[in-house]
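Below: the structure, in structure tokens.
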Amino acid sequence: MASDLLLSLASDPRSRGLIQRLGLPIPLPQRLDRDDAPYAARPLEGRRVLVGGALEGELGRALARALVEAGAEPILASPTDVFDGPAEAWGRPTRSLDALGDTERVDALVFDASSLDLGLGALYEFFHAAAPRLRPCGHVVVIGRPVEEARDGVAAAASQALDGFVRSLAKELGRRGSTANLVLCEAGAEARLAGPARFLLTERGAFVTAQPLRVGRLASMPTDVPFERPLDGKVAMVTGAARGIGAATARALAREGAKVLLVDRPADDELVAEVARELGGVPVLQDITAPDAAEALVATAKAHGGVDVVVHNAGITRDKTLAKMSRELWDQAVSVNLGAVIRVTDALLAAQAVHEHARVVLLSSVSGLAGNVGQTNYGASKAGLVGYLRYLAPLVASKGITINAIAPGFIETRLTDAMPVTIREAARRLSALGQGGQPRDVAEAILFLSTPGSVGVTGGVLRVCGGALVGA
Ligand code: NAD
């Protein structure tokens, strides 16, 4: 794996101090806090969360419940004491912002922006006072309503304004390793906010920033939404699981209780077997583009009683500018990245080898979606995945099945190791967090979308890119 020299220099207090004392114009990224421990019942235990905004009605109550049940210590910067009920129930009354000492820092900021006036003044007032209070590697979540639900033009403008606001705030906070994300909650989906809040307000979402995440009512709700060992008793199939993001994902899914079926090419026999042994998983040697691949994977899924999670992670690049690209290179990229994904998913669904309330996650790509020189095949295939999931999400929603894509930005794997060093350095720096991500950052996002708690999220694309400059 590539070593990020600036990140190592930045994390050593002596070299960091020296660079700063000499006034060298070298941007030193903040080492991000990450968490590999199993999901906890109360992941925000002892964390101070400064909460502001409208906090009215069902949205306010659901937010308060989600934060308090996750163990947060709420500090209130709003006249509405929405925590009255749930906070007292945990024996911990809220503090107000005024009671916070001048030098005290908070771990997270949550702002209910569902009711803003034309001047967006409440947004400014809260963040102008609260942002300096956020500790390094802290997390910000702004909550709004989708623009299609706006009752008038002012509400529609305010809703869309949040997108630009959060993306800009994320860029300002990124230097300190902090994230800022927008959650757009549909009316009636408030009870589904808890899962996304736990992901975005903790280290699980360390490399997710400047992103909008829609939480809706489309997929039907499972009877049980456990936050500890959320995948206990579940079977997960991960393609391309021998190394990189796939192996990290298999580890994360197994850690939360899933039995993992690790699919990779027969040539990677030893590597897949090694990861499978480590996790108590099942190696499945299968080229996903083979003519009988869909049939074989359906048989594997059925042999394990059906699957609850499918992660289509296997992917390849075959870069060449279009003029120099052979039909063979085109076909290879499109068939692994898109054709096989659709064939296998359709076959699993048709054979009823996918359980109700299953989670399907596809691996797209920020550079694919944004477009990149020499990647017409890769870009077409990674964008094609998004069309497919948008089509499929409403069709499977009544069974409680969700389907989403993750679009990684620059992640330190052998795929990015192969880039020329200058381009690699530039790709790391051109993001709000000023560094590349780790396979486990992508794995944590895939894990989140694989859990029952992500039921509100379907038909969407979540970027795990550290707030990369490229892409929408
Ligand atoms: P990787 O090359 O390290 O791993 C990909 C795995 O897929 C390999 O183990 C490979 O053997 C397997 N695979 C490829 N073709 C296969 C086939 N026909 N059948 C079965 N298995 C096959 O890649 P990675 O960096 O871990 O990327 C994983 C996914 O994330 C890919 O879909 C990639 O496009 C996407 N992605 C990665 C990055 C990044 O920065 N690393 C960025 C954006 C998107």
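Coordinate-derived values only; no laboratory data. This structure is a prediction, so every number in the text was calculated from the model and none was measured. We place every Cβ from the backbone using ideal geometry, glycine too, and count neighbours over all the protein chains shown.
Take every Cα pair under 8 Å whose residues are at least 6 apart in sequence, average their separation, divide by the length of the chain, and the relative contact order is 15 percent. The long axis of helix 244-255 is offset from the longest Cα principal axis of the chain by roughly 70 degrees.
How would you classify the stretch 84-196 from its alpha-carbon gyration tensor, with a ≥ b ≥ c the square roots of the eigenvalues: rounded for a/c under 1.5, else prolate if a/b is greater than b/c, otherwise oblate? Because a/c hits 1.5 or more and a/b fails to exceed b/c, the stretch 84-196 counts as oblate.
What ranking do Ile446, Ile316, Ile406 get, fewest neighbouring Cβ atoms within 10 angstrom at the top?
So the ranking, lowest neighbour count to highest, is Ile316, Ile406, Ile446.
The protection proxy used here, the mean number of other Cβ atoms lying within 10 Å of each residue, ranks peptides 361-367, 395-401 as follows, highest first: 361-367, 395-401. Between Ser115 and Leu430, the contour length at 0.36 nm per residue exceeds the Cα-Cα span by 110.1 nm. Toward the positive end of the charge dipole of the stretch 235-464, with +1 on the Cβ of Lys and Arg and -1 on the Cβ of Asp and Glu, the farthest Cα among Ala293, Val311, Ala276 is that of Val311.
Only Lys, Arg, Asp and Glu count, each charged at its Cβ (+1, +1, -1, -1), so figure out the dipole size of the stretch 235-464 about its Cα centre, rounded to 20 debye. Show your work: numbers first, answer last.
On the way: 22 positive and 21 negative charges, 120 e Å.
Computed charge dipole of the stretch 235-464: roughly 580 debye.
Taking +1 at the Cβ of each Lys and Arg and -1 at the Cβ of each Asp and Glu, which of Ala418, Ile403, Leu392 sits farthest along the dipole of the chain towards its positive end, judged by Cα position relative to the Cα centre? The Cα lying farthest towards the positive end belongs to Ala418. Taken along its three principal axes, the alpha carbon spread of the chain comes to 65, 58, 45 Å, from the longest extent down to the shortest.
Work out the length of the dipole vector of the chain about its Cα centre, built from +1 on the beta-carbon of each Lys and Arg and -1 on the beta-carbon of each Asp and Glu, and round it to the nearest 20 debye. Provide the component values of the computation, followed by the final result.
Numbers: 50 positive and 52 negative charges, 201 e Å.
Value, rounded to 20: 960 debye.
Most exposed first by the Cβ proxy, i.e. fewest other Cβ within 10 Å, how do Asp441, Asp84 rank? Don't skip to the answer; put the middle values down first.
On the way: Asp441 27, Asp84 12.
Ascending number of Cβ neighbours within 10 Å: Asp84, Asp441.
Checking every one of the chymotrypsin sites (Phe, Trp or Tyr not before Pro) in the stretch 113-150 against DSSP loop status and a limit of 12 other Cβ atoms within 10 Å picks out no site at all.
Lys-Lys pairs in the chain that are eight or more residues apart or on separate chains and whose Cα atoms lie under 25 Å of each other come to 8.
Based on alpha-carbon atoms, the Kirkwood radius and the radius of gyration of the stretch 235-464 give Rg/Rh equal to 0.95.
For the stretch 183-239 and the stretch 154-174, what is the separation of their C-alpha centers, rounded to whole Å? Distance between centres, Cα-based: 22 Å. Round to a whole angstrom and tell me the spacing of the C-alpha centers of the stretch 364-427 and the stretch 95-143. Here the two parts' Cα centres lie 33 Å apart.
So what is the calculated 222 nm ellipticity per residue for the chain, using -39500 (n - 2.57) for each DSSP H run with n of 4 or more, over all residues, to the nearest 500 deg cm²/dmol? Please report the intermediate quantities before stating the final value.
Numbers: 17 runs with 178 residues, N = 472.
Mean residue ellipticity, 222 nm, calculated: -11000 deg cm²/dmol.
As a rough footprinting exposure proxy, the listed residues His128, His304, His139, His357 were ranked by other beta carbons within 10 Å of their own, and the order from fewest upward is His128, His304, His357, His139.
This model, with +1 at the C-beta of Lys and Arg and -1 at the C-beta of Asp and Glu, gives the stretch 48-201 a dipole about its Cα centre of some 680 debye. When exposed loop sites are taken as GluC sites (Glu not before Pro) in a DSSP loop with at most 12 other Cβ atoms within 10 Å, the longest stretch of the chain clear of them is 105-472.
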